[in-house]
Amino acid sequence: MTHEKNKLLYKNTYASLRDRIKENGYAPTSVTGAYPGMFARDASEEALALMINGDFELTRKMLGYIFAYHKKYDFDFVIHVMRDNYDQMISDRHQADATFFLIHSWCLYVKDAPASCEKDAFIIETAPQIKRYIDHWMNEEFFNKELGLLRNPCFEHARDGSYFNCYDILTNVLMSQSLREVSELYGEIDGVYAKHCGKIADEIAAGVHKNLTAEIDGKRIYAELQSISKESGRDFKITEDKTFYEGLSGFNFFPMGIQWYALDGEIANNTYDALMKYDTEPYEGGVLMIDAYSKRRDDNTYELLGKHAMGKSVAWELLFCKKIGRTDRIDELVSFIERNSDQMYRETWALRGGGGDTANQEHASWMVYAMKQLFPSLGE
């Protein structure tokens with residue numbers, strides 16, 4: 001397959017991601033002004049795009065800003081949004097996934113970056129913070145040993161524009177994957193701690209398969225989240241305790257997108273089938289796209305409410321299609337992206353054309369990361 005425009009989209013998007021990184025490592029999420037500041041989660045995800053392209057020095061610089069920022073303000077978890085020049089934060093929302101995206105990217109850097117004095121110094125400087133962040137979330141306030149799941153007090157979701165206090169699939173799969181990586185890296189440094197992290201990684205993997213799966217059409221799928229409560233604007237609304245949110249979204253797809261070590265192939269395939277059946281509608285050219293989120297009606301049909309496809313979930317689908325050999329779907333998605341993008345990848349593609357924040361750090365990073373895996377010659 002050849003996609004000429006995709007080469008240009010990739011080149012321009014990756015240049016935007018690289019060029020926004022300042023000398024001090026600060027990298028804003030948005031270059032359009034749609035979002036203020038540097039989102040720690042988004043920058044950690046950009047590290048994936050940088051490293052798959054061999055830009056390890058830029059990765060170290062950008063991740064270094066996150067670590068230094070948190071060290072200055074003595075945080076024991078990774079916050080929501082930072083400012084430039086180490087100025088006071090924009091938001092310190094307590095988001096577990098922000099911490100574990102940073103840990104995941106740190107592990108990949110430690111594993112894959114070429115040996116250097118700078119790398120050694122970076123590891124020595126930041127390793128204690130990694131342990132501190134993990135220990136914060138291991139606290140029984142957040143980690144439910146009975147369920148084998150981590151509670152995210154502030155899971156950010158397009159659904160209702162809410163921050164859910166919940167057990168969600170993304171956070172738990174990400175924590176499981178990150179702790180597995182930490183356990184492998186810490187083997188020679190601290191064998192006891194490495195074993196501890198590996199044990200928790202497997203406990204969460206078991207917890208996900210026991211308590212974060214649901215049934216659709218008689219088949220098990222990866223469920224989106226169990227909601228405890230949610231914050232929408234200034235209102236705090238209590239939902240039924242530990243009840244599955246009756247809907248689907250691109251987040252159901254995350255275990256496949258992160259290429260989780262504990263992925264159950266049958267459940268993954270069932271999840272993809274359910275998303276394509278109940279969470280898609282025809283976008284431009286009649287292409288079925290997975291919608292940002294849907295709600296289950298009482299008659300077991302689904303109402304699509306998001307009316308846009310998220311860049312990161314499109315990337316996760318592309319990665320899974322590569323895994324299962326769906327080259328036809330890859331070609332369809334890439335062609336859709338080419339027809340509906342101007343100069344760079346979007347944050348979202350809207351149902352009736354156009355879309356969200358162009359070159360948004362989070363979504364564009366996932367797109368670059370996925371495209372490079374699909375088409376290794378991109379950017380060369």
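Within the stretch 299-326, how many residues are out of contact with any Gly (no Cβ under 9 Å at 6 or more places or on another chain), at pLDDT 95 or above and not in a helix (DSSP H, G or I)?
Residues that pass the stated criteria total 2.
Of everything in the stretch 258-287 that's touching a residue at least 60 places away in the same chain (Cβ under 8 Å) and buried (at least 19 other Cβ atoms within 10 Å of the Cβ), which residue is nearest to Gln373 (Cα to Cα)?
Here the answer is Ile258.
Taking the stretch 112-147, which residues are surrounded by 16 or more Cβ atoms within 10 Å (Cβ to Cβ) and part of a loop (DSSP other than H, G, I, E, B)?
Once the filter is applied, which keeps residues that are surrounded by 16 or more Cβ atoms within 10 Å (Cβ to Cβ) and part of a loop (DSSP other than H, G, I, E, B), the stretch 112-147 yields Ala113, Phe142, Leu147.
Does the stretch 19-37 hold any residues that are surrounded by fewer than 17 Cβ atoms within 10 Å (Cβ to Cβ), of a type outside the set (Asp, Glu) and without any contact (Cβ under 8 Å) to a residue 60 or more places away in the chain, and which are they? Don't jump to the end; show me each part of the working.
Step one: of the stretch 19-37, the residues surrounded by fewer than 17 Cβ atoms within 10 Å (Cβ to Cβ) are 19, 22-24, 32-34, 36.
Keeping just the survivors that are of a type outside the set (Asp, Glu) gives 22, 24, 32-34, 36.
Scanning the stretch 19-37 gives Gly33, Pro36.
Looking only at the stretch 319-334, filter to residues that are touching a residue at least 24 places away in the same chain (Cβ under 8 Å) and open to solvent by less than 30 Å² (accessible area, probe 1.4 Å); which one of those is nearest to Asn269 (Cα to Cα)?
Checking each candidate, the answer is Phe320.
Among the residues of the stretch 212-228, is there at least one that is within 22 Å of Phe75 (Cβ to Cβ) and open to solvent by less than 40 Å² (accessible area, probe 1.4 Å)? Please lay out each step first, then the result.
Of the residues in the stretch 212-228, the ones within 22 Å of Phe75 (Cβ to Cβ) are none.
No, every residue in the stretch 212-228 fails to be within 22 Å of Phe75 (Cβ to Cβ) and open to solvent by less than 40 Å² (accessible area, probe 1.4 Å).
Give the residue that is nearest to the chain's Cα centre (by Cα), with candidates limited to residues of the stretch 357-380 that are open to solvent by 20 Å² or more (accessible area, probe 1.4 Å) and within 18 Å of Trp316 (Cβ to Cβ). Walk me through it before giving the result.
Of the residues in the stretch 357-380, the ones open to solvent by 20 Å² or more (accessible area, probe 1.4 Å) are 358, 369, 372-377, 379-380.
From what is left, the residues that are within 18 Å of Trp316 (Cβ to Cβ) are 369, 372-375.
Working: Tyr369: 12, Lys372: 17, Gln373: 16, Leu374: 18, Phe375: 21 Å.
For the stretch 357-380, the residue satisfying everything is Tyr369.
Which condition from (1) crowded, with 21+ Cβ neighbours inside 10 Å; (2) over 27 Å from Ser294 (Cβ atoms) is the one that Cys166 breaks?
Unmet for Cys166, out of (1) crowded, with 21+ Cβ neighbours inside 10 Å; (2) over 27 Å from Ser294 (Cβ atoms): (2).
When the residues of the stretch 186-214 are narrowed to those that are modelled with pLDDT of 95 or more and under 20 Å from Leu248 (Cβ atoms), which ends up nearest to the chain's Cα centre (by Cα)?
Val208
Restricting attention to the stretch 288-298, does a residue exist that is buried (at least 19 other Cβ atoms within 10 Å of the Cβ), outside any loop (DSSP other than H, G, I, E, B) and not hydroxyl-bearing (Ser, Thr, Tyr)?
Step one: filter the stretch 288-298 for residues buried (at least 19 other Cβ atoms within 10 Å of the Cβ), giving 289-294.
Cutting the leftovers down to outside any loop (DSSP other than H, G, I, E, B) gives us 289-290, 293-294.
Still in the list and also not hydroxyl-bearing (Ser, Thr, Tyr): 289-290.
Yes - at least one qualifying residue is present in the stretch 288-298.
Test of understanding: among Asn24, Asn6, which residue is polar (S, T, N, Q) and in a helix (DSSP H, G or I)?
From the options Asn24, Asn6, the qualifying one is Asn6.
Kindly indicate whether Phe100 is aromatic (Phe, Trp, Tyr), open to solvent by less than 30 Å² (accessible area, probe 1.4 Å) and under 20 Å from Gln177 (Cα atoms).
Values: aromatic (Phe, Trp, Tyr): yes; open to solvent by less than 30 Å² (accessible area, probe 1.4 Å): yes; under 20 Å from Gln177 (Cα atoms): yes.
So Phe100 passes the test.
Yes or no: Gly161 farther than 21 Å from Ser249 by Cβ and surrounded by fewer than 18 Cβ atoms within 10 Å (Cβ to Cβ)? It would help to see each step written out before you state the result.
Values: farther than 21 Å from Ser249 by Cβ: no; surrounded by fewer than 18 Cβ atoms within 10 Å (Cβ to Cβ): yes.
So Gly161 does not fit the description; no.
Check every one of the strands (runs of 3 or more DSSP E) wholly within the stretch 215-272 and list those with 3 or more residues that are farther than 23 Å from Gly325 by Cβ, at pLDDT below 95 and of a type in the set (S, T, N, Q). Steps first, answer last, please.
On the way: elements: 219-222, 225-232, 235-244.
Once the strands (runs of 3 or more DSSP E) in the stretch 215-272 are filtered for at least 3 residues that are farther than 23 Å from Gly325 by Cβ, at pLDDT below 95 and of a type in the set (S, T, N, Q), what remains is 225-232.
Exactly one of these conditions fails for Glu184: (1) open to solvent by 20 Å² or more (accessible area, probe 1.4 Å); (2) farther than 18 Å from Leu108 by Cβ. Give me its number.
(2)
Taking the condition of being on the phi < 0 side of the Ramachandran plot, in a helix (DSSP H, G or I) and in contact (Cβ under 8 Å) with a residue 60 or more places away in the chain, how many residues in the stretch 158-178 meet it?
Initial filter on the stretch 158-178 (on the phi < 0 side of the Ramachandran plot): 158-159, 162-178.
Remaining after also requiring in a helix (DSSP H, G or I): 159, 169-178.
Retained after the next criterion (residues that are in contact (Cβ under 8 Å) with a residue 60 or more places away in the chain): 159, 169-171, 173-178.
Of the residues in that region, 10 qualify.
The values are calculated or read from the model by the stated rules, or taken from the named source; none is laboratory data. Everything numeric in this text was worked out from a predicted model, so none of it was measured. A quick note on method: Cβ atoms are made from the backbone with ideal geometry, for glycine too, and the neighbour counts reach across all protein chains shown. Areas reflect the complete protein model, heavy atoms only, side chains present, ligands, DNA and RNA absent. Shrake-Rupley method; radii C 1.70, N 1.55, O 1.52, S 1.80 Å.
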